[in-house]
Each structure stands twice: as C-alpha cells, then as structure tokens.
Amino acid sequence: MLRWFNLCLGLNVNFHKSSLVGVNVDGIYAEGISGVLRCRCNTLPIKYLGLPLSANPNKIATWKSVLSQIRGRLNSWKGWLLSMAGRAIMIKSVISVIPLYYMSIFCILKVVVCKITTMQSRFLWGGSIDNRKIHKLAWETVAKEKDRGGLSVGTISAKNKALLFKWIWKLGSNDKASWADFIKEKYSLKFINGVPQLKKKLSGIWRGEVSTLPLLVRILMALLFVLAVNLKWVIVTM
C-alpha cells in the first residue's frame, strides 16, 4: 500500500518521522511490524495535527497541555510593567486564543474554565498568576462589552459554545460533505424545524457538540419572537 502511495503521488514516506499505532492489536505484534517498517511504535492517545486522538475530553488530563501553555505564556511576561490596558490586550489577543483549537472540537470542562479564568483575572489585576491582589470587579463584568462597562474580554464558555455551534450548522447546511453524510448515517440524524435530532448513542466528542442544543433552541425561539414582533405576527401560546 505504501509502495502504491509512492507511485501514485510521487511522495516518499519518511519512516524516521513516522510512528505505528495499533488499535485492538497486541503490543508485541505492533512492535514487530514497526521493526519491519523501521519506525516508532506508539500507543493511544497520541497527538495528531495538534489534537489528542482517542483522548477523553471529560478528563482534566486532556486539557493539561492547554493549561500549561497558558501558564507558561503568562509566567514569561513581566505583567507588572504593563498598564491595565496592556494586560487586557494581552489577555484578549494571546491568552484567549490559546485554547480555541481545542474548544473548536471539545466541550470544555467547567473546572478548566475556572482555572483559565483565575489565571486571566490574576494577571489582569496583579500582573502575575501568583499575585492574589484584590479584584476590583467581578470577571463577569470585565468580560462584558465596553459599552456595558466591561473590557470586551469575553468568556471562555461562550466562545466554546459558539465554536461548537459551527459543527451543528455545518451538519444542516453542507449536505454534500462526506463527513456529514457519515454522521447522519451513523447516528440516524434528522433535522426537525432546523434542530438536529439524534436517535443513537453519541460518542464523547459529539455528546459535547449536542450539549449546546438547548441554547440553540432558545436562540431560535428568540429569533422567532423578534420576527413576530417586527412582522406583527400573532403568537398564540398553548
């Protein structure tokens, strides 16, 4: 198969940079094949394109790399030399962006949100995550828009829900995508009034995506109410 890959695409496989991962295969057998191919032998979970494969997003261990990256970035800055506006800009442009890649796939844990929010608030008010100075405003107020008395930092959980909404929207709008057809067939997916209905048991990742559906329903009802008011519809409640 690898030889056909080489002949068809003209690309050579670098076995020194490759690794073999066995799924439901005995470890000794996998090591034997890796010895023939002269590549490394790894076990799940592994990282592929920056995301952990076969990792449980409901465990805090999956998010340790994100937390350590945020902690390392904050420790490398001399926050006490920055003004309040400078710290807010660093939080919005750097710290809030680090977990976005993970949050675009996984539903973030509440304990992880608390840890990230704590580091952000300590850096904002004290210049370091180790300084526990008095916070003059609650983080919910700081996260609000500037016209509402905040600094437009935003909350981690709100960004996570917005990113997960993207997959629900793509499922309903992109009918020709192969991955969408696979998900619809696997989970017997049907759309009723624009809301996806899944009948079969979901995987851990898609369980997190579907957890945003109650909020989606509330948004749809709010949009329907706005349309009804603007178009002077009559809404009858049963």
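The values are calculated or read from the model by the stated rules, or taken from the named source; none is laboratory data. Since the model is a prediction, treat every value here as computed from it, not as a measurement. Cβ sites come from the backbone with ideal geometry, for glycine too, and all protein chains shown count toward neighbours.
For the structure I just gave you, tell me whether LYS115 is in the same structural domain as LEU137 (by TED's automatic domain parsing) and either basic (Lys, Arg) or free of Cβ contacts under 8 Å to residues at least 12 places away in the same chain (or both). So LYS115 passes the test. Scanning region 114-137 for residues that are loosely packed, with under 15 Cβ neighbours inside 10 Å, assigned to a helix (DSSP H, G or I) and of a type in the set (A, V, I, L, M, F, W, C) yields one hit, CYS114. Of all residue pairs spaced 6 or more apart or on separate chains, those with beta-carbon atoms under 9 Å, a first member in region 53-67 that is on the phi > 0 side of the Ramachandran plot and a second member that is exposed (fewer than 11 other Cβ atoms within 10 Å of the Cβ) are SER54/VAL23.
Output the residues belonging to region 6-33 that are assigned to a helix (DSSP H, G or I) and of a type outside the set (A, V, I, L, M).
Of everything in region 6-33, those that are assigned to a helix (DSSP H, G or I) and of a type outside the set (A, V, I, L, M) turn out to be ASN6, CYS8, GLY27, TYR29, GLU31, GLY32.
Here VAL113 passes the criteria (1) among the β-branched types (Val, Ile, Thr); (2) within 18 Å of ASN131 (Cβ to Cβ); (3) in contact with a helix residue (DSSP H, G or I) (Cβ under 7 Å, 6 or more places away or on another chain) except the one numbered (2).
Residue check: is ILE91 touching a residue at least 60 places away in the same chain (Cβ under 8 Å) and in contact with a strand residue (DSSP E or B) (Cβ under 9 Å, 6 or more places away or on another chain)?
no
Of the residues making up region 138-149, those that are within 19 Å of LEU74 (Cβ to Cβ) and not in a loop (DSSP other than H, G, I, E, B) are TRP139, VAL142.
The single residue among MET90, MET84 that is assigned by TED's automatic domain parsing to the domain that holds ILE116, within 16 Å of SER121 (Cβ to Cβ) and at pLDDT below 85 turns out to be MET84.
Consider region 61-86 and keep the residues that are exposed (fewer than 12 other Cβ atoms within 10 Å of the Cβ) and under 17 Å from the mean Cα position of the chain (by Cα). The one that is farthest from GLY22 (Cα to Cα) is SER68. Screening ARG122 against (1) basic (Lys, Arg); (2) in contact with a Ser or Thr (Cβ under 8 Å, 6 or more places away or on another chain); (3) closer than 23 Å to PRO57 by Cβ leaves a single unmet condition, (3). The residue list VAL111, VAL97 contains one member that is part of a loop (DSSP other than H, G, I, E, B) and surrounded by fewer than 15 Cβ atoms within 10 Å (Cβ to Cβ), which is VAL97. Looking across region 34-53 at every residue that is part of a strand (DSSP E or B) and of a type in the set (A, V, I, L, M), the one that is modelled with the highest pLDDT is identified as LEU51. Restricted to region 140-163, and to residues there that are surrounded by fewer than 17 Cβ atoms within 10 Å (Cβ to Cβ) and of a type in the set (A, V, I, L, M, F, W, C), the residue that is farthest from ILE108 (Cα to Cα) is ALA162.
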